[in-house]
Amino acid sequence: MAKRRTSGASPGENPNKRIRSSSTDGEQEGSNAGSDGDDSGPSKRFQCSGDVVSDAGIVESITLKNFMCHSLLGPFAFGSNVNFVVGNNGSGKSAILTALIVALGGNAQATNRGSSLKGFVKEGESSADVSITLRNKGRDAYKPEAYGPSIIVDLRITREGLRTYKLRSTSGQVMSTKKEELVSILDNFNIQVNNPVSVLTQEMSKYFLHSKGEGDKYKFFMKATQLEQMKEDFFHIKTTKRITEDKVEQNSEYLKDLKRNFLEKEDRYKNLASIGEMHTKLEELQKQMAWTLVSEKEREVEPMKEKLQSDKRSTQKYDEKVEEWKNKAEEAEKKYKHIQEQLEEITRKVQELQPKSAELKTEAQKRNNLLKSCELTVHRCRTNLRDLEKDKVQLSSRINDLKLSISQTTGAESQVRAERVEQVQTELESLKHQTSTLGQQIDQYEHACSRAKEEQAKMEREYKMFQKSIEINERKLQTMKSSRSNRLRRFGEHMPALLSAIQEAHKRGQFKHRPRGPLGYLISLKDPELALAVEVCLKSLIKAFTCDNYDDEKVLKGLMANVFPAGRRPTIITSSFLPHVHDTRRRAVNHPEYPSVLQALEIEDPVVANCLIDQRGIESILLIKNRTEARRVMQGSNPPANCTQAFSKDGDQNFNNRTYSSDQNRAICLSGDVEEEIRHLERELENQKAQKSRFQQQMGKLDEDVKQNQGLQRRAQAEQKNIKDKATRCGLELTDLKNVEEPQSEDLSPLEEDLQEIAAKISSKRTEFEEAKTQLAELKADYEKAEQEYKLHKDTISTIAEEADSVKDELSKIDQEVMKSKHHKKHYDEKRSAHLCYIKTLEEQLKSKEDDLKVSVAKAAEICPERTEVRRTAKSLDSEMSRLKVKIATQQEQQGDREEVVRQYREALESYKNMSQQMKYFHSFIKSLDNVMTHRLQAYADLRKFLSARCKYYFDSMLAQRGYSGRMTFDHKNETLSISVQPGQGNKADLSDMRSLSGGERSFSTVCFVLSLWAITEAPFRCLDEFDVYMDMVNRRISMDMMLKVAAGQRYRQFIFLTPQNMSSLPVSNILRILRLKDPDRGQNKS
């Protein structure tokens, strides 16, 4: 919204007067007003002096922002009397006038500048703002104590064409945003922006100048003088009078009917006295009937009270039975708990012994490995010792043979043979060493193959288990995918077929009561995060079914046998179906923070809820999401009352003194998000398949290792065989050489040295062999001891496990005893509940009867305050009352019901009086309306005649100033106005119509007509837009003098003239102000 600025040319020293000296120029420049230096001297045609006294309602200033094609115009401060807004076309003159009309309540069509308000918002802007300051001084000021000496009207027009107002006081405070307040202000100041005399736009002026119809001029005159509005008001009053007269005429006939009806009701009212006695007797019988009914109800209540007392006394035997089986159940539960603790103690012992058993097994395996290694060492030493002894025997034999055959060979040959013998012996030693080395390698390869085969067998077992896990997960994935369309498949792929078979069998009447199941399908979770905890808690009950009786159980077993393949089938629980859920308030756990399983489930079927309560005790099991918090709650110093156990959201089971972890890590049947479970299984399968691939790679590697070691072993064995064959050949050759040679005595010394060396080696190997044997004996003893300890420990564990089997059998028996006791307790509980329900129903019936009795006593007391003893029965009294009522009804058929007759008489009287009074009012109103209309129509005719005469007078006076003569003829009957004008002083007969005049003469005549209308109408300001557009210089000067003269004579009014002409010839005066607008910037399309 544009900011308001106070003009410096308005001193405002006196709130009622404005004094302007000649030195204060009458030209005011706004944000786009240009200074005009051509200031002419005083004119003899327009000179005035003295104070300018302005009336309330004149425009003090106006500011435009984003209005039409202008970004900002103003603020313009207007003078109190005469204001000229001068500027070329497009500078914003018409925009100021349009904004004045629109801001002061005028519609868009009245401006002739657009069909709707949104057309006034500048292109590219979201809204347009107009701010107008109206003077609020003097005796006609509007709420001066609130608004002050001026009222600021702020208008905002949005791009959608919405118009909002803010009415501010002089200080800028918003006083109202309602248009009704603006209308009140305009009415108070008599501002009429739609009246062409107050605001005459270019289009209206052109229309008037070019109008050829005398009727249009007459309408212009009527609208300017507001006679047209008075005429329309008179027509409305006549219409109202005619409607009222028609209504009076209609009501006159209706009044006659009301009077006739009233006289008839009055006659019937006077004939009612004969029925009074019968009504009195009927009232007496009604009093007797009231107390008779009370007596009969009292006689009905007494037997019910006796029956209720008797049933309450018989409740004790049910309490005794319930207490008896409750004690038995508690004893059985104590035994069960004791035996369960024994089983847990045995399990704990086994768990404690398992680590030691593993340690002993590892130690025994370690001793066995050492023993086998030592056996290999002993075997190698024995083999080496045997080979050395054989060599020693052969070498000794050779030496002896050589000594015998020395004489048979020559010295040279002996030398050659000796060298060959030494060479063969060296080669033979090397071959023996290679054979020993290959033997060790063969043993190593064989041992490596054995280890690899053991590892391979172990991995094959693990691979089979892993493959089985993959197959299980694949079946789970297939089940979950099929459960997208059928949730039942989560409970087994055969479950939909079983339920269909149950439904068909139920339709055929094979079941007394339709079995319920699977139980997990019939429950839903309030919190999906607890799905795993509930599934682990319920275990096999998730897929179980329940039957009402054993016959239904047999039928269901047959259906399961047909549907399910051989193997595990869902559990069937047989228990009587009840229509309501067990009352568990006394034995249920109630924790302020954590729900029980029963509270966490939504179970619509009472049969399902009762089955889970009986079989699992879900009312006494808590669900605690955090496992640490669950352990703290259950194993703290003060566990919750009635709470047997608690489950965490991870499936951990927590008791008062122990905790068990769950093997299951995801909910299957109760999972809410099927897609998430499918994605989880797919990821798990991918991981398992990747792990399977790694398993296969490892197994392939092991297989390659086995094959490689076996190949190396075969090559080593073949090489060993070749070396042994070669050693055999060398030995034969050596034997042959020894047998042939007869070396000299000096040639035997190497052989003897070799023999001594072999003897030393034999001694060393024998020592090594003995030590190895000793070590083998020690290791064997250690292994046998470790193996014995492992077997003893394993036997101990087996003994304890056998004890656990007997304890489990005993635990199963006690569990059956607990179930039996609970079943009997439940049976008597149900019977006692049914008995108590019957007593409660009986008490309610008794209370209802007693309430009815109280109501009957109260009604009887209302009818007859004092109780009377009546010996007659209610039936006889009712018979007599019926006869009396028939008699009264017969009389009333002739006379009518007394109350109805009285009521109708009073209603008829009231209607007749009201209509008579209304008719008197209508007649008085019509008479007053006739008097008022006669007086006002006469006043209207007189006013019209007076205004017509004044208009003619002023018109002739204005024309005379130009030297014209003219005539103005009003025909009020035909609603026409003819104007004839003769330029110059001529014969009256030469007068001609305005259409024959030139443009300037017609414009001058129009100005005279408008000034005549100004003289006979009242408004705080007048606006003329381009009044002189068709005038020549002479007519413009004369018209200007005439308007300034009129303005000088009406100092209390404000005049705003918009013209594109240069007004530099105007005189300087303290009542005259010129606002010059800058030429438009065509390039920017802004002022």
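Condition check: of a type in the set (S, T, N, Q), surrounded by fewer than 14 Cβ atoms within 10 Å (Cβ to Cβ) and more than 21 Å from His338 (Cα to Cα). Does Thr841 satisfy that? Walk me through how you get there before you give the answer.
Numbers: of a type in the set (S, T, N, Q): yes; surrounded by fewer than 14 Cβ atoms within 10 Å (Cβ to Cβ): yes; more than 21 Å from His338 (Cα to Cα): yes.
So Thr841 passes the test.
Right, Gln467: in contact with a helix residue (DSSP H, G or I) (Cβ under 9 Å, 6 or more places away or on another chain), buried (at least 17 other Cβ atoms within 10 Å of the Cβ), assigned to a helix (DSSP H, G or I) and at pLDDT 75 or above or not?
No, not satisfied.
Which ones in the stretch 542-555 are of a type outside the set (Ser, Thr, Tyr), within 27 Å of Ser671 (Cβ to Cβ) and in contact with a strand residue (DSSP E or B) (Cβ under 7 Å, 6 or more places away or on another chain)? Show your work before the answer.
Step one: of the stretch 542-555, the residues of a type outside the set (Ser, Thr, Tyr) are 542-545, 547-549, 551-555.
With the extra rule that they be within 27 Å of Ser671 (Cβ to Cβ), the set shrinks to 542-545.
Once the filter is applied, which keeps residues that are of a type outside the set (Ser, Thr, Tyr), within 27 Å of Ser671 (Cβ to Cβ) and in contact with a strand residue (DSSP E or B) (Cβ under 7 Å, 6 or more places away or on another chain), the stretch 542-555 yields Ala544, Phe545.
Is the stretch 736-754 home to any residue that is modelled with pLDDT under 80, small (Gly, Ala, Ser), more than 22 Å from Ile442 (Cα to Cα) and open to solvent by 60 Å² or more (accessible area, probe 1.4 Å)? Steps first, please.
If we filter the stretch 736-754 for residues that are modelled with pLDDT under 80, which is where we start, we get 736-754.
Of the ones still in play, those that are also small (Gly, Ala, Ser) are 745, 749.
Retained after the next criterion (residues that are more than 22 Å from Ile442 (Cα to Cα)): 745, 749.
Filter once more, so that each one left must be open to solvent by 60 Å² or more (accessible area, probe 1.4 Å): 745.
Yes, some residue in the stretch 736-754 is modelled with pLDDT under 80, small (Gly, Ala, Ser), more than 22 Å from Ile442 (Cα to Cα) and open to solvent by 60 Å² or more (accessible area, probe 1.4 Å).
Taking interchain pairs and intrachain pairs at least six residues apart, which have beta carbon atoms under 8 angstrom, with the first residue in the stretch 532-556 and touching a residue at least 12 places away in the same chain (Cβ under 8 Å) and the second acidic (Asp, Glu) and part of a helix (DSSP H, G or I)?
Final answer for the pair search is Ile542/Glu535; Cys547/Glu553.
Looking at the stretch 65-176, what helices (runs of 4 or more DSSP H) fall wholly within it and have at least 2 residues that are among the hydrophobic types (A, V, I, L, M, F, W, C), within 20 Å of Glu1026 (Cβ to Cβ) and in contact (Cβ under 8 Å) with a residue 40 or more places away in the chain? Write out each step before concluding.
On the way: elements: 93-103, 108-111, 144-147.
The helices (runs of 4 or more DSSP H) meeting that bar are 93-103.
Restricting attention to the stretch 342-369, report how many residues are within 17 Å of Asp805 (Cα to Cα) and surrounded by 14 or more Cβ atoms within 10 Å (Cβ to Cβ). If you could, list the steps in order and put the result at the bottom.
Let us first name the residues in the stretch 342-369 that are within 17 Å of Asp805 (Cα to Cα), namely 342-351.
After this cut, where a residue has to be surrounded by 14 or more Cβ atoms within 10 Å (Cβ to Cβ) as well, the list is 342-344, 346-347, 349-350.
Total meeting the criteria: 7.
Across the stretch 961-976, what is the total count of residues that are at pLDDT 80 or above and exposed (fewer than 14 other Cβ atoms within 10 Å of the Cβ)?
Selection size over the stretch 961-976: 4.
Please go through the stretch 537-554 and give me each residue that is surrounded by fewer than 17 Cβ atoms within 10 Å (Cβ to Cβ) and either over 22 Å from Lys507 (Cβ atoms) or not acidic (Asp, Glu) (or both), ordered by number.
Of everything in the stretch 537-554, those that are surrounded by fewer than 17 Cβ atoms within 10 Å (Cβ to Cβ) and either over 22 Å from Lys507 (Cβ atoms) or not acidic (Asp, Glu) (or both) turn out to be Lys539, Ser540, Asn549, Tyr550, Lys554.
Show the residue pairs that are 6+ apart or on different chains and have beta-carbon atoms under 8 Å apart, the first residue being within the stretch 350-372 and farther than 13 Å from Tyr790 by Cα and in contact (Cβ under 8 Å) with a residue 60 or more places away in the chain, the second being among the aliphatic types (A, V, I, L, M) and open to solvent by less than 90 Å² (accessible area, probe 1.4 Å).
Val350/Ile797; Val350/Ile800; Val350/Ala801; Val350/Ala804; Leu370/Leu779; Leu371/Leu776; Leu371/Leu779
Results for (1) of a type in the set (Lys, Arg); (2) modelled with pLDDT of 80 or more; (3) open to solvent by 30 Å² or more (accessible area, probe 1.4 Å); (4) under 60 Å from the mean Cα position of the chain (by Cα), shown as yes or no for each residue.
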| position | (1), (2), (3), (4) |
| --- | --- |
| Arg398 | yes, no, no, no |
| Ser405 | no, no, no, no |
| Gln408 | no, no, yes, no |
| Gln423 | no, yes, yes, no |
| Leu428 | no, yes, no, no |
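So which residues in the stretch 625-645 are in contact (Cβ under 8 Å) with a residue 40 or more places away in the chain and among the small types (Gly, Ala, Ser)?
The one that is in contact (Cβ under 8 Å) with a residue 40 or more places away in the chain and among the small types (Gly, Ala, Ser): Ala641.
Restricting to the stretch 87-113, count the residues that are open to solvent by 30 Å² or more (accessible area, probe 1.4 Å) and at positive phi.
Let us first name the residues in the stretch 87-113 that are open to solvent by 30 Å² or more (accessible area, probe 1.4 Å), namely 88-90, 107, 109-110, 112-113.
Now drop any that are not at positive phi, which leaves 90, 112.
Going through the stretch 87-113 one residue at a time, the tally reaches 2.
Considering only residues that are touching a helix residue (DSSP H, G or I) at 6+ places or on another chain (Cβ under 9 Å) and crowded, with 22+ Cβ neighbours inside 10 Å, which ones fall in the stretch 69-86?
Taking the stretch 69-86 first, the residues touching a helix residue (DSSP H, G or I) at 6+ places or on another chain (Cβ under 9 Å) are 69-70, 73-74, 76, 81-82, 85-86.
Hits for the stretch 69-86 are His70, Leu73, Gly74, Phe76, Asn81, Val82, Val85, Val86.
Would you tally the residues in the stretch 632-649 being open to solvent by less than 60 Å² (accessible area, probe 1.4 Å) and part of a loop (DSSP other than H, G, I, E, B)?
5
Pairs only if they're at least six apart or on different chains, beta carbon under 6 angstrom, first in the stretch 860-874 and more than 15 Å from Glu284 (Cβ to Cβ), second modelled with pLDDT under 75 and open to solvent by 90 Å² or more (accessible area, probe 1.4 Å); list them, first residue then second.
Within 6 Å, no pair qualifies.
Looking at Glu787, is it exposed (fewer than 13 other Cβ atoms within 10 Å of the Cβ) and either out of contact with any strand residue (DSSP E or B) (no Cβ under 6 Å at 6 or more places or on another chain) or among the aliphatic types (A, V, I, L, M) (or both)? It would help to see each step written out before you state the result.
Working: exposed (fewer than 13 other Cβ atoms within 10 Å of the Cβ): no; either out of contact with any strand residue (DSSP E or B) (no Cβ under 6 Å at 6 or more places or on another chain) or among the aliphatic types (A, V, I, L, M) (or both): yes.
The answer is no for Glu787.
Checking the conditions here, which among Glu675, Glu629, Glu686 is surrounded by fewer than 16 Cβ atoms within 10 Å (Cβ to Cβ) and modelled with pLDDT under 75?
Details: Glu629 fails: modelled with pLDDT under 75; Glu686 fails: modelled with pLDDT under 75.
Just one listed residue meets the conditions, Glu675.
Give the residue, chosen from Leu519, Leu499, Leu488, that is surrounded by 16 or more Cβ atoms within 10 Å (Cβ to Cβ), at pLDDT below 80 and touching a Leu at 6+ places or on another chain (Cβ under 8 Å). If you could, list the steps in order and put the result at the bottom.
On the way: Leu519 fails: at pLDDT below 80; Leu499 fails: at pLDDT below 80.
From the options Leu519, Leu499, Leu488, the qualifying one is Leu488.
Those residues that are in a helix (DSSP H, G or I) and among the hydrophobic types (A, V, I, L, M, F, W, C), I need them from the stretch 177-198; list them, please. Break it down into steps so the answer makes sense when it comes.
Narrowing the stretch 177-198 to residues in a helix (DSSP H, G or I): 179-189.
Matches in the stretch 177-198: Leu182, Val183, Ile185, Leu186, Phe189.
For the stretch 1034-1072, give me each residue that is within 19 Å of Ile58 (Cα to Cα), outside any loop (DSSP other than H, G, I, E, B) and touching an Asp or Glu at 6+ places or on another chain (Cβ under 7 Å).
Listed by number, the list holds a single entry, Leu1058.
Evaluate the following for Gln717: is it open to solvent by 70 Å² or more (accessible area, probe 1.4 Å) and modelled with pLDDT of 80 or more? Even if it seems obvious, please write down each step before you answer.
On the way: open to solvent by 70 Å² or more (accessible area, probe 1.4 Å): yes; modelled with pLDDT of 80 or more: yes.
Taking the combined requirement at face value, the residue satisfies it.
All but one of (1) open to solvent by 60 Å² or more (accessible area, probe 1.4 Å); (2) out of contact with any Leu (no Cβ under 6 Å at 6 or more places or on another chain) hold for Lys297, so report the exception by its number.
Failed condition: (2).
For the stretch 229-237, check the following and say yes or no: at least one residue is without any contact (Cβ under 8 Å) to a residue 12 or more places away in the chain, surrounded by 13 or more Cβ atoms within 10 Å (Cβ to Cβ) and within 16 Å of Thr976 (Cβ to Cβ).
Within the stretch 229-237, none of the residues are without any contact (Cβ under 8 Å) to a residue 12 or more places away in the chain, surrounded by 13 or more Cβ atoms within 10 Å (Cβ to Cβ) and within 16 Å of Thr976 (Cβ to Cβ).
Would you say Thr133 is surrounded by 15 or more Cβ atoms within 10 Å (Cβ to Cβ), out of contact with any strand residue (DSSP E or B) (no Cβ under 7 Å at 6 or more places or on another chain) and within 17 Å of Leu73 (Cβ to Cβ)?
Working: surrounded by 15 or more Cβ atoms within 10 Å (Cβ to Cβ): yes; out of contact with any strand residue (DSSP E or B) (no Cβ under 7 Å at 6 or more places or on another chain): no; within 17 Å of Leu73 (Cβ to Cβ): yes.
Judged against the criteria, Thr133 is not a match.
Taking the conditions exactly as written (over 30 Å from Val421 (Cα atoms) and without any contact (Cβ under 8 Å) to a residue 40 or more places away in the chain), does Lys337 satisfy them or not?
Yes, satisfied.
Filter the stretch 150-164 down to residues that are open to solvent by less than 70 Å² (accessible area, probe 1.4 Å), over 25 Å from Ser80 (Cβ atoms) and of a type outside the set (Lys, Arg), then give me how many there are.
First, pick out the residues of the stretch 150-164 that are open to solvent by less than 70 Å² (accessible area, probe 1.4 Å): 150-155, 157-158, 161, 163.
Checking the rest, the ones that are also over 25 Å from Ser80 (Cβ atoms) come to 157-158, 161, 163.
Filter once more, so that each one left must be of a type outside the set (Lys, Arg): 157-158, 161.
Total satisfying the criteria: 3.
The values are calculated or read from the model by the stated rules, or taken from the named source; none is laboratory data. Predicted model, so just to flag it, every value in this text is computed and none were measured. So basically every Cβ, Gly included, is an ideal-geometry build from the backbone, and we count neighbours across all protein chains shown. Accessible surface is based on the protein model in full, side chains and every heavy atom, while ligands, DNA and RNA are left aside. Shrake-Rupley method; radii C 1.70, N 1.55, O 1.52, S 1.80 Å.
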